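The values are calculated or read from the model by the stated rules, or taken from the named source; none is laboratory data. Keep in mind that what you see is a predicted model, and the values were worked out from it rather than measured. All Cβ positions, glycine included, derive from the backbone under ideal geometry; neighbour counts span all protein chains shown. Heads up: the accessible areas ignore ligands, DNA and RNA and are worked out on the full protein's heavy atoms, side chains in. Shrake-Rupley method; radii C 1.70, N 1.55, O 1.52, S 1.80 Å.
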Amino acid sequence: MTEATLLELHDLDLQLAEAREAAHVGKLKKLGFEPGERLSLERLRARLLAGVERRWVQHYERALQRYGRGLVAMRERVCLGCFVTLPTSASPGVGESLTLCESCGRILYWR
Amino acid sequence: MTTVAVHPVPDTSLFLPDLKLKRKESVLHEMACVAQKAGAVRDAELLHETLLRRERWCPSAVGKGVAVPNARSLAVTEPRLVIARARRGLEWGASDRVAVQLVLLVLSTSEMSVDSHLERVMRAIAITRTQRNRLKLLEAEDARIVTALLREAAL
């Protein structure tokens, strides 16, 4: 539950980064789109956050504040946030796909 | 100078010549699944959810029978353009009320900046600005013709 919600939260935050910036909204309008109000997105964010385990929320929000993204994918044991190669011992346990990057503190998605 | 490629349809698997689906939600799901099969997406369900949410905030119909849904998502592993045609037309909520026959799905990885993503969306829209190009896309017999058109458009 936490994993799916965190992934959705991450994608929502990417969208919100666009919706909060007047220049980006202006670009969308120039392209012929009609972006709506972002209030519903902010409400959804609050709802999703409430569904994530507290410890993950803290890690996620801290990394988001610091780097602009709280969660990144892994590729061949390389964190795509800080590009540090992690040891095999950093792999998630069976049935899990989230860990923390030992280097930058972002949440890592291992799929 | 920065070059941002739209990544034209690289193989037939990313070109859906005649969608039989009728609902926007089903079309987006089908396109997300096709992108996953082609190896450009790791999680079609997450991408679908992201596309639907974006659609609610910023409907992707740009008029003249064209829709350009797009997403920056953790679900995307490779930037891709997926093209689908619906000869019967789809109800997409366009402001000009024209049924959508061409759907260009622009997929960007979450590592890409908003500016790079919007640049890719802009290039995809630019392809369909002229009636000549829209007709070519609608009448193309196979993916190779579509690819050639995208290359001709210097994308």
Scan of region B:93-103 for residues that are modelled with pLDDT under 95 and surrounded by 18 or more Cβ atoms within 10 Å (Cβ to Cβ), ordered by number: B:Ala94
Which pairs have Cβ atoms under 8 Å, sit 6 or more apart or on different chains, and link a residue in region B:108-120 that is at the interface with chain A (Cβ under 7 Å from one of its Cβ atoms) to one that is of a type in the set (D, E, K, R) and open to solvent by 40 Å² or more (accessible area, probe 1.4 Å)? B:Val114/A:Glu21; B:Leu118/A:Lys27
Quick test of your reading of the structure: A:Glu3 fulfils all but one of (1) open to solvent by 20 Å² or more (accessible area, probe 1.4 Å); (2) within 14 Å of the chain's Cα centre (by Cα); (3) of a type in the set (Asp, Glu); (4) modelled with pLDDT of 95 or more. Name the failing condition by number. (4)
Determine which single condition A:Met74 fails, assuming it passes every other condition in (1) at pLDDT 95 or above; (2) surrounded by 18 or more Cβ atoms within 10 Å (Cβ to Cβ). (1)
Among the candidates A:Leu9, A:Leu28, A:Leu16, residue that is assigned to a helix (DSSP H, G or I), without any contact (Cβ under 8 Å) to a residue 12 or more places away in the chain and within 12 Å of chain B (Cβ to nearest Cβ): A:Leu28
Scan region A:37-71 for residues that are closer than 18 Å to B:Val114 by Cα, among the small types (Gly, Ala, Ser) and surrounded by fewer than 13 Cβ atoms within 10 Å (Cβ to Cβ) and report the count. 1
Of the listed residues (B:Glu78, B:Glu55, B:Glu49), the one being without any contact (Cβ under 8 Å) to a residue 24 or more places away in the chain and within 12 Å of chain A (Cβ to nearest Cβ) is B:Glu49
